[in-house]
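The values are calculated or read from the model by the stated rules, or taken from the named source; none is laboratory data. Being a predicted model, the structure only gives us computed values, none of them experimental. All Cβ positions, even for glycine, are placed from backbone atoms using ideal geometry, and neighbour counts span all protein chains on display. Protein only, heavy atoms only, side chains kept; ligands, DNA and RNA dropped before computing areas. Shrake-Rupley method; radii C 1.70, N 1.55, O 1.52, S 1.80 Å.
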Amino acid sequence: GEAALERIGEKAFDVMLLDLRMPGLGGLGALRRLSETGLPCEVVVLTGQPDYDDCVEAMKLGAFHYLRKPMEPAVIEETLWRAVEHGGLRRENAALRRMLGPASTSEFVGESPAIRAALEMAQKAAVSDSRVIILGESGTGKGVVARRIHDQGRRRQKAFLGVHCGAVAHELLESELFGHERGAFTGAVVEKPGLFELADGGTLFLDEFAEMSPEMQSKLLKVLDHGELRRVGGVRTITVDVRVVVPTNRDVHGLVQAGRLREDLLHRVDVIRITMPPLRDRPEDIPRFVAHFLALQKHRGLGEKKVTAQAMRVLQSYAWPGNVRELANTIERLVILSPRPAIDADDLPENLHFRKPPASITDERFLTLEELERRHILRVLETT
């Protein structure tokens, strides 16, 4: 019993075949100790001295099954495989609970050459297990493309989990990614598997990974190199098989030069690079997005609306610094507030009526001071 607990403390196992009558720490004692930490593996009890009370106690402590000697090896093997399958379902169930929230979809709207090129690259990435970095401004659909890569790949039956690395404190992020053992820190009353464990066999979406602290970047690098991790406060090594997809709206090479992003970490994740074009570079896709978002609002019971040709021209001329997300919010607001069945240019928010400068005018030497000031303000607004 003591030797078994020592081994489990060093390495993760799927299932344990446990005898009850052993010298030193018996089977029930070992099972009780394991149960206190949350049963790191499935347990099948096999004993030659069956006792009803022992059987009840073992099942209360979390044993998967209770077998009596002598027992056919084939039956033992079948029971062990069922225990392994049960453990996998338990982990998947935990992953699904983490995924509960607004329904997500990998449907992508757009037929412009710029977005088609990005989607073709995503299609090529989906057939492999290579790591992917997705670059683009906020609201361009990086998360949707990451989900599309997962849904079209061989890992689609497994979990797709994500975390925004910049929105979680360093101490909490380590526990979120790698998990923690019971008693690892104040408040850790039970052991908790991390996202890497829950996403085993699936995909982990590390949003804004460049926001991680240098210490976390170093720990992430080790997991990417070897596929092994240790929970916070733990000593046993856990092996995981996770595909990592990282999106960012930052200039990653500028962050490397500034010393805020490890260059070797960037090299690990920058196997396949996908760049999402901003919405202002593909105005021909805006009518498709508008139709899509109008249909969504109708499905939610907000009524049927149309957009006039004049309003559509204004929507296509706007720079959309918030990209697709800003367009979606604008359409939702218009559907709710517009009093008429057709949304006209007069219904649009005032900021949408400021047109972006014509692309054909590139020589600024002959512009008026008023036009120069206007262009400068628009650039600042688009940037921020």
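Please determine, by comparing only the residues of region 218-249 that are polar (S, T, N, Q) and within 19 Å of Thr203 (Cβ to Cβ), which one is surrounded by the fewest Cβ atoms within 10 Å (Cβ to Cβ).
Thr239
Right, Met276: touching a His at 6+ places or on another chain (Cβ under 8 Å) and either farther than 29 Å from Glu111 by Cβ or open to solvent by less than 20 Å² (accessible area, probe 1.4 Å) (or both) or not?
So Met276 fails the test.
Name the pairs: first residue in region 60-82 and free of Cβ contacts under 8 Å to residues at least 24 places away in the same chain and open to solvent by 80 Å² or more (accessible area, probe 1.4 Å), second residue of a type in the set (S, T, N, Q) and not in a loop (DSSP other than H, G, I, E, B), Cβ to Cβ under 9 Å, at least 6 apart or on different chains?
These pairs meet every condition: Lys60/Ser35; Arg68/Thr47; Lys69/Thr47.
Name the single residue, out of those in region 326-358 being in a helix (DSSP H, G or I) and polar (S, T, N, Q), that is least open to solvent (accessible area, probe 1.4 Å).
Per the stated criteria, the residue is Thr330.
Quick one: what pairs do we get from region 273-301, first residue free of Cβ contacts under 8 Å to residues at least 60 places away in the same chain and within 14 Å of Leu334 (Cβ to Cβ), second in a loop (DSSP other than H, G, I, E, B) and of a type in the set (Lys, Arg), C-beta under 7 Å, 6+ apart or different chains?
The qualifying pairs are Leu294/Lys305.
Does Ala328 satisfy the criteria of being within 16 Å of Arg288 (Cα to Cα) and at pLDDT 90 or above?
Criteria met by Ala328.
Condition test on Glu208, is it open to solvent by 60 Å² or more (accessible area, probe 1.4 Å) and either within 24 Å of Asp264 (Cα to Cα) or among the β-branched types (Val, Ile, Thr) (or both)?
For Glu208, the condition - open to solvent by 60 Å² or more (accessible area, probe 1.4 Å) and either within 24 Å of Asp264 (Cα to Cα) or among the β-branched types (Val, Ile, Thr) (or both) - is not met.
Can you report the number of residues in region 279-325 which are over 29 Å from the mean Cα position of the chain (by Cα), open to solvent by 60 Å² or more (accessible area, probe 1.4 Å) and at pLDDT 90 or above?
Total satisfying the criteria: 5.
From the list Val190, Val252, which residue is open to solvent by less than 10 Å² (accessible area, probe 1.4 Å), over 16 Å from the mean Cα position of the chain (by Cα) and not acidic (Asp, Glu)?
Val252
Based on this model, can you work out whether Phe209 counts as under 25 Å from His253 (Cβ atoms), within 13 Å of the chain's Cα centre (by Cα), at pLDDT 90 or above and not charged (D, E, K, R)?
Spelling it out, Phe209 is indeed under 25 Å from His253 (Cβ atoms), within 13 Å of the chain's Cα centre (by Cα), at pLDDT 90 or above and not charged (D, E, K, R).
Taking region 1-15 on its own, how many of its residues are in contact with a Lys or Arg (Cβ under 9 Å, 6 or more places away or on another chain), assigned to a loop (DSSP other than H, G, I, E, B) and either modelled with pLDDT of 85 or more or surrounded by fewer than 13 Cβ atoms within 10 Å (Cβ to Cβ) (or both)?
Within region 1-15, residues that are in contact with a Lys or Arg (Cβ under 9 Å, 6 or more places away or on another chain), assigned to a loop (DSSP other than H, G, I, E, B) and either modelled with pLDDT of 85 or more or surrounded by fewer than 13 Cβ atoms within 10 Å (Cβ to Cβ) (or both) number 2.
Of the residues that make up region 36-44, is at least one at pLDDT 90 or above, open to solvent by 40 Å² or more (accessible area, probe 1.4 Å) and more than 30 Å from Gly153 (Cβ to Cβ)?
Taking every residue of region 36-44 in turn, none turns out to be at pLDDT 90 or above, open to solvent by 40 Å² or more (accessible area, probe 1.4 Å) and more than 30 Å from Gly153 (Cβ to Cβ).
How about region 187-261: which helices (runs of 4 or more DSSP H) wholly inside it have at least 3 residues that are under 13 Å from Cys165 (Cβ atoms)?
Hits in region 187-261: 214-226.
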